[in-house]
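The values are calculated or read from the model by the stated rules, or taken from the named source; none is laboratory data. Predicted, not measured: the structure shown is a model, and the values here were computed from it. Note that each Cβ is placed from the backbone with ideal geometry, even for glycine, and that neighbours are counted across all protein chains shown.
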Amino acid sequence: MSEMKEYTLEIYKADRRTKEGRRLVAVQDFAESTRDYIDAVVAGKQRLGLIVELHETWVTRTNMMSGREFRERYDTPNFCSPASESYWSM
């Protein structure tokens, strides 16, 4: 049995008008789920022609000043994260 974790899907649609060739359609957060279930959801969305990026919602980082570990969202900007020098230089 897989471990229960929180996942986030970033769903894109192909769009040649943008520089990257795709545009963000939705960000979908899931409560604690197994990896098998999330993989099934991703496969279903890919069958619809969407581009899906899978991320674990929470990542563990180390505080730059104290050295203690903490959890933050994967999409936290660098300047808002205590793990970066720019956070502490303001």
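General observations
- Count of segment 73-90 residues, restricted to those that are charged (D, E, K, R) and either assigned by TED's automatic domain parsing to the domain that holds LEU9 or touching a strand residue (DSSP E or B) at 6+ places or on another chain (Cβ under 6 Å) (or both), is 0.
- Counted residues, segment 48-75 - those being under 16 Å from the mean Cα position of the chain (by Cα) and closer than 22 Å to MET4 by Cα: 15
- Among the residues of segment 22-79, those that are within 13 Å of ILE11 (Cα to Cα) and in a loop (DSSP other than H, G, I, E, B) comprise LEU48, GLY49, LEU50.
- In this structure, GLY49 qualifies as surrounded by fewer than 12 Cβ atoms within 10 Å (Cβ to Cβ) and at positive phi.
- Only one entry in THR34, THR8 is surrounded by 12 or more Cβ atoms within 10 Å (Cβ to Cβ), of a type in the set (Ser, Thr, Tyr) and touching a residue at least 40 places away in the same chain (Cβ under 8 Å), namely THR8.
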